[in-house]
Amino acid sequence: MASKEAESYWNLPPKDENNEDLGSEFTELKKAIIAQFGREHIRANWLQVTRLLVEENNRIAEARSRAWPEVEFADIAAGTVSKEQLKAIKHSGIIVIRNVLPKEQAKGLLTALEAYLEQNKGSILCEYDSQTSCQYVEDNLMIAYPEENPWAYRTFFSPVQNTVRSHPNSLKAQHFLNNLWTGYTDSNTSSVETSASPFPLSYADGLRHRRPGGFSATVRPHIDAGSLDRWGDDTYRRYYERIFGSGDVLTHDPWDVTYRIRAETAKYPGWQQSTVFRAFQGWTSLSHSGGGFNKGALAVYPSVKLGIAYVLLRPFFRPPVNNPDTLEGEVWEWDDDTPGFPGAFRGQSQQLSPSTHPHLELSRTLTVTPQIRPGDAVFWHSDVVHAVDPLLDDNGGESATVLYIPAVPLTQTNLRYIKEQRDAILHRGETPPDFARQQKTYEEGLVGWHGVSDVANVEAQQALGLAKLPGESALFEWANDILGHA
Ligand SMILES: [Fe+2]
């Protein structure tokens, strides 16, 4: 159970609840989906999901942090992750990997990172709140927010980030995670568009550095990789076709890349969306956190298939007017004549709260990580509901610091992005493309910044598009051609 403060924060309804007037386009979209998959299938699936959630929520609330599968990095390296662990990862969509970095090295990296931020504090801006634009961004080199007590740092290629991102263990872990997905094909007979390989690419993201003590408005429950896009994009919908139309939601395979790699996650573009396919989102920790609430850690709804199935079916039903609090799926009524997609907004992540998505019972099912130690990493499937604990107690005087490092396989879309990201970074340390849509800045002038010149191991250079990729297939040949390594 979350602390009172965390709970009341997470329980806030998303902006505008589900009242954003999306317009008739979205009423038509609902009608089209119902026509495509059949009313009886959508209704049957809704009943199945709302029924299964009762038991699943009880199981999750009972298990608490034990719902997080934990794997030692050494077992990944040795190929000895057990069948039970793999099953738990695939069911929940989450994983804690212990000791990706040696603990002492991670602690040293935290000290180095803190020194870097301190040395550059004169170059960190700025007033940044939600969608308000920063002023004078060209005069500054790093964005951090909120201004009064920053915890989110948009710095991408600091020496510490380079070290962790390019660490051989980190890349091995990413390869393992990419390989949990199936359906990769990169034979010479398949087209580049449909090809994919679990070969890991390095997506540069920022970091979270929270000082101990107090509350900070952090990240409320949401799912990334688009919101309305999941319904609106034909290919994305295809990935989910068994949730809409099979008559058995449990036949949906969240781990099949076939359509997911081509889904348009930013069909309705905005500044919050990552345009790459992340097999897992994730972070690597340089400090202690988690192990309970008020510890500044991540919390998730640890059931990937049922969670996303419910979110996708939710817009088609509404509670009866005379019994608005009931969770009985049978008595919810069709909502096929409004453009309401609860918690979904153009160009943003999918937002969730107990009021928009009551059947997930988030107040008792959001599950924080077990205690995380320096060098551990946490990953979650891109369909998993997640939030950040708004409270961090004194944490033994230590900050809660994580570097966002996801697992990104080689696909056509991802590789094109990596090329753009590489070209940006080589141009004065320009903000990577997904983040430049919001604000563009340049890291080159920061004290101690040396771009990617310190990325020494060849696998990391390949992951960043700096060196020729090692495969022979048409996909790798195409990739090397795009990257200029032919
Ligand atoms: Fe997120």
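Using C-alpha pairs below 8 Å separated by at least 6 residues, the relative contact order for the range 191-341 is 20 percent. Where the centroid of each part is defined by its Cα atoms, how far is the range 247-262 from the range 378-400 in Å? For the range 247-262 versus the range 378-400, the Cα centre distance is 28 Å. Global dimensions of the range 160-261 from alpha-carbon coordinates: Rg and Dmax equal 18.0, 57 Å. For the chain, pairs of C-alpha atoms spaced more than 36 angstrom apart make up 27 percent of the total. Average 1/r across all pairs of distinct alpha carbons in the range 279-362, invert it, and you get the Kirkwood radius: 15.3 Å.
The ellipsoid equivalent to the alpha-carbon distribution of the range 329-391 has semi-axes of 30, 15, 10 angstrom, derived from the gyration tensor eigenvalues as √(5λ) and listed largest first. In the range 380-440, one over the average inverse separation of all distinct C-alpha pairs is 14.9 Å, which is the Kirkwood hydrodynamic radius.
Computed from Cα positions, the angle between helix 39-63 and the longest principal axis of the chain comes to roughly 60 degrees. Remark: relative contact order (the chain) = 28 percent; criterion is Cα-Cα distance under 8 angstrom and separation of 6 or more residues.
Packing-based ranking of 361-374, 380-393, 473-486 yields 380-393, 361-374, 473-486, ordered from highest to lowest mean Cβ neighbour count within 10 Å. Note on the chain: helix-only mean residue ellipticity at 222 nm, from DSSP H runs of 4+ residues weighted -39500 (n - 2.57) and normalised by residue number, equals -9500 deg cm²/dmol. Go through 267/440; 30/87; 103/267; 83/107 and tell me which ones have a Cα-Cα distance over 30 Å in this structure. Distance filter (> 30 Å) returns 30/87; 103/267; 83/107. Net charge of the neighbourhood of residue 46, taken over other residues with C-beta under 13 Å away and scored Lys/Arg +1, Asp/Glu -1, is -2.
Stretched out straight at 0.36 nm per residue, the stretch from residue 423 to residue 39 would grow longer than its current Cα-Cα span by 133.4 nm. Normalising the Debye intensity of the range 28-90 to I(0), with uniform scatterers on Cα atoms only, and taking log10 at q = 0.22, 0.26 Å⁻¹ returns -0.89, -1.05. Counting charges near residue 96 (Lys, Arg +1; Asp, Glu -1) among other residues having Cβ under 12 Å from its Cβ returns a value of 0.
Just so you know, all these numbers are worked out from the coordinates, no wet-lab data involved. Because the structure is a prediction, the values reported are computed rather than measured. Every residue, glycine among them, receives a Cβ derived from its backbone with ideal geometry; neighbour counts consider all protein chains shown.
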